[in-house]
Amino acid sequence: MAIHMNRRTMLALAAAGAVSLATPLAAQDTALRLAFIPQENPEKLLGDIEAISGWLASEIGVPVEGFVTIDHAAAVEALRNGDADISFMGALPFVLAEAEIGAVPLLSEVYRDAPSYTGRIFVRRDSGIGALADLRGRDIAFADPISESGYLYPLAEFVEARLIDGPGAAEAFFGRVFFAGGYQQAMQAMAEGLVDAAGASQYADLLLTPQQQAQVTWIAESPPIPSHVVIARPGLDAEVQDRFTNAMLRLNEPENRDKLRYLYGPDGYVRADPAAYDGVRDMARRYGLLE
């Protein structure tokens, strides 16, 4: 079973979910509203949001509210509808949001001194799977259909290996294809034996327990991908954007670095360079997600 969607379909299907699940934690017209994607345990994420929202409010000088969307596409819809002012998301949903609604990139995450990372195909060490070709007829879980490290880039490794021609050919190669809703969910499905492999960020194994980490490995890795990005809806007040961006950059300071754990755990932030995402735009066009 595979799922095939173009950009407009994926964003449209999420509209109802964005309205029903993307309800702010509080309701004040003057608040800055932040949309988070559930790439890790949503319950833990809610606690993290409460902690970082309070700190940001004190730094920016306006109330800050956060909420969790069902996926990347729902976060884009929240920005489009004005239910969110700012969102944290991957490079692929950003370039789709840029084309669809004019989203503005503000900040890029930094990991290990670089604003980039990779996607990997993970398997259990005892699975007997040592190469991509071994996954023919097997089940795989990806994070999200509009995730770069959690879908498009790991899947592109099968294209590079000439095992499939593109996303539309995945159904004929794999047994079943699942979209688990986030890195942690995809990795747990693989670690627990519900699927044979998972496509996720190179750091996604850190979301497993130490015992599970020892039981999994990876068999393929994508080229570098621009890191996750913090984006703003079009029309957000420029002064508010600047105050938010400057507050986020203060997380790089030694006295504030402990708070990065509330924002998916990057090593820091830098101002976003739109040109850094050209490769993602090219891949999105190659697979029919961008015109």
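How high is the relative contact order of region 224-291, in percent, with contacts defined as C-alpha pairs under 8 Å that are six or more residues apart?
Values: 27 pairs, mean separation 19.8, N = 68.
Dividing the mean separation by the residue count of region 224-291 yields 29 percent.
Summing +1 for each Lys or Arg and -1 for each Asp or Glu, what net charge is found among the other residues whose Cβ lies under 10 Å from the Cβ of P226?
Net local charge, P226 excluded: -4.
Return one number: the angle in degrees, 0 to 90 and rounded to the nearest 10, between the long axis of the Cα atoms of helix 72-81 and the longest principal axis of the Cα atoms of the chain.
Tilt relative to the chain: about 30 degrees.
Between beta-carbons, use under 9 Å as the cut-off and find the net charge around G90, counting Lys and Arg +1, Asp and Glu -1.
-2
From the convex hull of the Cα coordinates of region 119-223, what is the mean projected area in square nanometres?
Mean shadow area of the hull around the Cα atoms is 5.5 nm².
Hey, got the dipole for region 119-223? About the Cα centre, +1 on K and R Cβ, -1 on D and E Cβ, debye to the nearest 20?
It comes to approximately 160 debye.
Rounded to whole Å and sorted largest first, what semi-axes of the equivalent ellipsoid does the C-alpha gyration tensor of region 197-251 yield via the square root of 5 times each eigenvalue?
36, 14, 9
With viscosity set to 1.306 mPa s at 10 °C, what whole-number translational diffusion coefficient in µm²/s follows for the chain from Stokes-Einstein and a Kirkwood radius over Cα pairs?
The calculation lands on 83 µm²/s.
Give the distance, in whole Å, between the Cα centre of region 140-166 and the Cα centre of region 171-189.
Distance between centres, Cα-based: 11 Å.
Using +1 on the beta carbon of Lys and Arg, -1 on that of Asp and Glu, and nothing else charged, what's the dipole of the chain about the Cα centre, debye to 20? Write down the numbers at each step before the final one.
On the way: 23 positive and 39 negative charges, 102 e Å.
Dipole of the chain, to the nearest 20 debye: 500 debye.
Are there trypsin sites (Lys or Arg not before Pro) in region 137-196 that DSSP marks as loop and that have at most 13 other Cβ atoms within 10 Å, and which are they?
Those that pass, being in a loop and sparsely packed, are R162.
Search the structure for amide H atoms under 5 Å from the amide H of V195, placed 1.01 Å from N in the peptide plane, and list their residues when 5 or more places away or on another chain.
HN-HN under 5 Å from V195: M190.
Sticking with the crude label model, points 7 Å out along Cα→Cβ, report the distance from R162 to D278 in nm, one decimal please.
3.0 nm
Could you tell me which of A247, V177, A78 has its Cα farthest along the dipole of the chain towards the positive end, charges placed at Cβ (Lys, Arg +1; Asp, Glu -1), taken about the Cα centre?
After comparing all options, I get V177.
Given H placed on each backbone N at 1.01 Å, which residues far from A220 in sequence or on other chains put an amide H within less than 5 Å of it?
HN-HN under 5 Å from A220: I121.
Considering the options P93, A114, A143, tell which one lies farthest towards the positive end of the dipole of the chain, charges being +1 on Lys and Arg and -1 on Asp and Glu at the Cβ, about the Cα centre.
Positive-end residue among those listed: A143.
Pull out a ≥ b ≥ c, the square roots of the eigenvalues of the alpha-carbon gyration tensor of region 32-92, then state rounded if a/c is under 1.5, prolate if not and a/b is larger than b/c, and oblate in the remaining case.
oblate
Go through 74-84, 98-108, 54-64, 207-217 and give me the packing order, highest mean Cβ count within 10 Å leading.
74-84, 98-108, 54-64, 207-217
Taking only protein heavy atoms into account and a 1.4 Å probe, give the accessible area per residue of the chain in Å². Please list the in-between numbers first.
Details: 11980 Å² over 291 residues.
Each residue of the chain exposes 41 Å² on average to a 1.4 Å probe.
Quantify, in whole percent, the carbon and sulfur part of the accessible surface of the chain (1.4 Å probe; protein heavy atoms only).
Heavy-atom surface of the chain belonging to carbon and sulfur, 1.4 Å probe: 50 percent.
For region 202-291, rounded, prolate or oblate, judged on the Cα gyration tensor with a ≥ b ≥ c (square roots of eigenvalues), a/c < 1.5 rounded, else prolate if a/b > b/c?
Judged from the Cα gyration tensor, region 202-291 comes out oblate (a/c at least 1.5, b/c at or above a/b).
Read phi for every residue in region 257-273 and hand back ³J(HN,Hα) as whole Hz from Karplus 6.51 cos²θ - 1.76 cosθ + 1.60, θ = phi - 60°, with x for Gly and Pro.
After applying 6.51 cos²θ - 1.76 cosθ + 1.60, I find 4, 5, 7, 4, 5, 7, 10, 6, x, x, 7, x, 9, 10, 5, 6, 10 Hz.
Restricting to DSSP H runs of at least four residues, report the calculated mean residue ellipticity at 222 nm for the chain, -39500 (n - 2.57) per run over all residues, nearest 500 deg cm²/dmol.
My calculation for the chain gives -10000 deg cm²/dmol from helical runs alone.
Rank V230, G288, A275 by how far each Cα sits towards the positive end of the charge dipole of region 142-291 (+1 on Lys, Arg Cβ; -1 on Asp, Glu Cβ) and give me just the farthest.
V230
Taking 8 Å as the Cα distance limit and 6 or more residues as the minimum spacing, I'd like the relative contact order of the chain as a percentage.
About 26 percent, as a whole number.
The values are calculated or read from the model by the stated rules, or taken from the named source; none is laboratory data. Owing to the predicted nature of the structure, the values given are computational and were not obtained by experimental measurement. All Cβ positions, even for glycine, are placed from backbone atoms using ideal geometry, and neighbour counts span all protein chains on display. Each accessible area value is taken on the protein alone, full model and side chains, heavy atoms only, with ligands, DNA and RNA left out. Shrake-Rupley method; radii C 1.70, N 1.55, O 1.52, S 1.80 Å.
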